[in-house]
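Read through the structure below, which is laid out as structure tokens, and then see the notes.
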Amino acid sequence: MSGTTSPHDFVCEHDTIFRYTKTNDYLYNIITEERKTPVKQSKRVKIDGKNMRARDEEGNIIYEMSEDKKIKDVWTIPYVGSTDSQREDYTTQKPEALLERVISASSNEGMLVADFFAGSGVTAAVAHKLGRRFITCDIGLNSIETTRDRLKNLGAEFNVMKVDDGVSLFRNPAQTMDRVKEIIPNLKEDTELGKFWAGSVSD
């Protein structure tokens, strides 16, 4: 998927995932992927707590064919195309493969996964498929309805809870931005700021 086409910068084709943990004692499951071509590697064994090459009775190194490899920190995962079966027609939708990798690496079955910016509901959906429990929420009504329908189609058991905290809900980001422009005096669109910003106030 091609990213920014700014004439003054490299084409951006990646996102960065930040990981946080309360302590140094955290869960990490090794994730592997299939190799395109199997490779011959020395067999590894633990001897007195050390990871060593396995040897036969004559002292020769034992080799075996390796068909998979550990996942590195650069992932190539295609975006959700317009004809993809998992497509929810939601602007910020993430591929299920991305969340599968994150959830599998950082949790076990039965654990609780939380996503406080539900979007298209992909985190909750993948958590359900992987046998995890989930909590997910969003301020946007469109997100809530999309997530609800997605989970319902998967046969997931869940409760929808409304939090009355005085925040007005809008159906989509475009409507929210239109409302913001009505509320803030002298707010005008400024193309130089980029899409992240609603606009600027010059006075």
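Tell me, in nm to one decimal, what length is gained between Asp68 and Ile31 on full extension, where the rule is 0.36 nm per residue of separation less the Cα-Cα distance? Could you put the intermediate results ahead of the total?
Details: separation 37, 0.36 × 37 = 13.32 nm, distance 0.99 nm.
Contour length minus Cα-Cα distance gives 12.3 nm.
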What shape does the stretch 41-98 take by its C-alpha gyration tensor, where a ≥ b ≥ c are the square roots of the eigenvalues and a/c under 1.5 counts as rounded, a/b above b/c as prolate, and the rest as oblate? prolate
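Please identify every one of the trypsin sites (Lys or Arg not before Pro) in the stretch 46-103 that sits in a loop by DSSP and has no more than 14 other beta carbons within 10 Å of its own beta carbon.
Working: sites: Lys46, Lys50, Arg53, Arg55, Lys69, Lys70, Lys72, Arg87, Arg101; in loops: Lys72, Arg87.
Passing both the DSSP loop test and the Cβ count: Lys72, Arg87.
Looking at the square roots a ≥ b ≥ c of the eigenvalues of the Cα gyration tensor of the stretch 1-79, which shape do they give, rounded for a/c under 1.5, prolate if a/b is larger than b/c, or oblate?
Numbers: a/c = 3.79, a/b = 1.87, b/c = 2.02.
Taking the square roots of the gyration eigenvalues as a ≥ b ≥ c, the stretch 1-79 is oblate.
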Hey, what does the equivalent ellipsoid look like for the stretch 86-145, semi-axes from the Cα gyration tensor as sqrt of 5 times each eigenvalue, largest first, whole Å? 19, 13, 8
Given H placed on each backbone N at 1.01 Å, which residues far from Phe134 in sequence or on other chains put an amide H within less than 5 Å of it? Val113
From the cross-link list Lys46/Lys69; Lys22/Lys43; Lys46/Lys72; Lys22/Lys195; Lys22/Lys69; Lys22/Lys162, which pairs have alpha carbons spaced over 26 Å apart? Lys22/Lys43; Lys22/Lys195; Lys22/Lys69; Lys22/Lys162
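Quick one: putting +1 on the C-beta of Lys and Arg, -1 on the C-beta of Asp and Glu, what dipole do you get for the stretch 1-58 around its Cα centre, in Debye to the nearest 20? Before the final figure, lay out the partial values.
Values: 11 positive and 10 negative charges, 65 e Å.
Its charge dipole is roughly 320 debye.
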Separation between the Cys137 and Asp15 pseudo-spin-labels, each 7 Å from Cα along Cα→Cβ, expressed in nm? 2.1
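Heavy atoms only, probe 1.4 Å: what % of the accessible area of the chain goes to carbon and sulfur, would you let me know?
50
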Can you give the accessible area per residue of the chain, in Å², using a 1.4 Å probe? 82
Projected onto the charge dipole of the chain (+1 at Lys/Arg Cβ, -1 at Asp/Glu Cβ, origin at the Cα centre), which of Phe134, Ile183, Val160 gives the Cα projection farthest towards the positive end? Phe134
Whole-Hz couplings from phi, Karplus 6.51/-1.76/1.60, listed for the stretch 85-92; x for Gly and Pro: 5, 8, 4, 10, 6, 10, 3, 9
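The values are calculated or read from the model by the stated rules, or taken from the named source; none is laboratory data. Source: prediction; values computed, not measured. Using ideal geometry, Cβ is built from the backbone for each residue, glycine included, and neighbour counts are taken over all protein chains shown. Note: accessible area is taken over every heavy atom of the protein model, side chains too, but ligands, DNA and RNA are not part of it. Shrake-Rupley method; radii C 1.70, N 1.55, O 1.52, S 1.80 Å.
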